[in-house]
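Asker: I am attaching a structure below and will ask some questions about it afterwards.
Every read-out reported here was derived from the displayed coordinates using simple, explicitly stated rules and does not represent laboratory data. Only a predicted model underlies this, so the values are computations on that prediction, with no experimental measurement involved. Note that each Cβ is placed from the backbone with ideal geometry, even for glycine, and that neighbours are counted across all protein chains shown.
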Amino acid sequence: MREEILEDAHDRMQKSLNILSEALTRIRTARAHPSLLDSIRVDYYGVETPISQVASITVEEGRTLVIQVWEQGMVEEVERALTTSKLGITPTTAGTVVRLPMPPLTEERRREQVRVVRDTLEEARVSIRNVRRDANQMLKDLLKEKEITEDEEHRDQEAVQKLTDESIHEAEALAAEKEKALLEI
């Protein structure tokens, strides 16, 4: 039972880190990368479909996303989805190719994005600490039911704390990397 609690805590902390990582990839830096478009959906014959399922997305010269739409009829839908998205970038179209040039970020926009990174990091920290709290409560419940000894509970709580520290350290490293990318000129 104790091993299951520790394993569950580890899995839930990993999920929090994965969510953080996904959220950080959606934050735009000065560089173009295809994952910026992961959250954009296109109306594909009445069905909301990820843009990556109706076109191929590549990076050109580090600052431009090139979207090669597979069907001529979908070019307008892709362009409309990009225009209405929160990216704030106007696409240009030539045939079945849609180009999305990434303008350089202003200093103010960079600082705003850094704040978003820090807020996202704090959400991940809270999530990881909630997992720690839940695991420790389960261990206390086992102790109360006399299924484990106080020494075992203490050892397992230390293991949960170690997991928590490692996960928070990993989250902070991910956020620091993103901040560094944002502040690069």
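Asker: How many nm separate the modelled label positions at K86 and H33, each set 7 Å beyond the Cα in the direction of the Cβ?
Answerer: Between K86 and H33, the simple spin-label model gives 1.9 nm.
Asker: Once you list every other residue whose beta carbon is under 13 Å from the beta carbon of E22, what net charge do they have if Lys and Arg are +1 and Asp and Glu are -1? Intermediate values should be presented prior to the final figure.
Answerer: On the way: positive: K15, R26, K178; negative: D38, E123.
Once positives and negatives cancel, what remains is +1.
Asker: Can you give the net charge of the other residues whose Cβ lies under 10 Å from the Cβ of K86, counting K and R as +1 and D and E as -1? Don't skip to the answer; put the middle values down first.
Answerer: Details: positive: R26, R28; negative: none.
With Lys, Arg at +1 and Asp, Glu at -1, the net is +2.
Asker: What are the equivalent ellipsoid semi-axes of segment 34-101, built from the alpha-carbon gyration tensor (square roots of five times its eigenvalues), in whole angstrom, biggest first? Provide the component values of the computation, followed by the final result.
Answerer: Numbers: eigenvalues 57, 33, 24 Å².
Semi-axes (√(5λ), whole Å): 17, 13, 11.
Asker: Taking the chain as a Gaussian network, Cα atoms linked when under 10 Å apart, which of S21, S39, S127 shows the biggest mean-square fluctuation?
Answerer: Of the options given, S39 has the highest mean-square fluctuation.
Asker: Can you work out the base-10 log of I(q)/I(0) for segment 131-185 at q = 0.13, 0.17 1/Å, using the Debye formula on its C-alpha atoms alone?
Answerer: The computed values of log10 I(q)/I(0) come out as -0.46, -0.60.
Asker: Same structure, new question: Using a cut-off of 14 Å between beta-carbons, work out the net charge of the residues near E60 (Lys and Arg +1, Asp and Glu -1, E60 not included). If you can, show how the numbers build up before the last one.
Answerer: On the way: positive: R31, R63, R99; negative: E61.
Charge balance in the 14 Å sphere: +2.
Asker: Let me ask something else about it. Tell me what the chain gives for mean residue ellipticity at 222 nm when only DSSP H runs of n ≥ 4 count, each as -39,500 (n - 2.57), the sum divided by the residue total, rounded to 500 deg cm²/dmol.
Answerer: On the way: 4 runs with 106 residues, N = 185.
So the calculated ellipticity at 222 nm is -20500 deg cm²/dmol.
Asker: With +1 assigned to the C-beta of every Lys and Arg and -1 to the C-beta of every Asp and Glu, and no other charges, what is the dipole magnitude of segment 34-101 about the Cα centre in debye, to the nearest 20? Please list the in-between numbers first.
Answerer: On the way: 5 positive and 9 negative charges, 41 e Å.
Charge dipole of segment 34-101: 200 debye, to the nearest 20.
Asker: Further question on the same structure: Which translational diffusion coefficient, to the nearest whole µm²/s, is obtained for segment 104-162 from the Stokes-Einstein equation, given a Kirkwood hydrodynamic radius over C-alpha pairs, 10 °C and 1.306 mPa s?
Answerer: Values: Rh = 13.9 Å.
Rounded to a whole number, D works out at 114 µm²/s.
Asker: If you look at just the Cα atoms of the chain, how large are its Rg and its Dmax in Å?
Answerer: 22.1, 71
Asker: Beyond 32 Å between alpha-carbons counts as too far, so tell me which of K140/K178; K86/K162; K15/K140; K15/K86 fall in that bin. Walk me through the numbers on the way to the answer.
Answerer: Details: K140/K178 38 Å; K86/K162 39 Å; K15/K140 24 Å; K15/K86 26 Å.
With Cα atoms farther than 32 Å apart: K140/K178; K86/K162.
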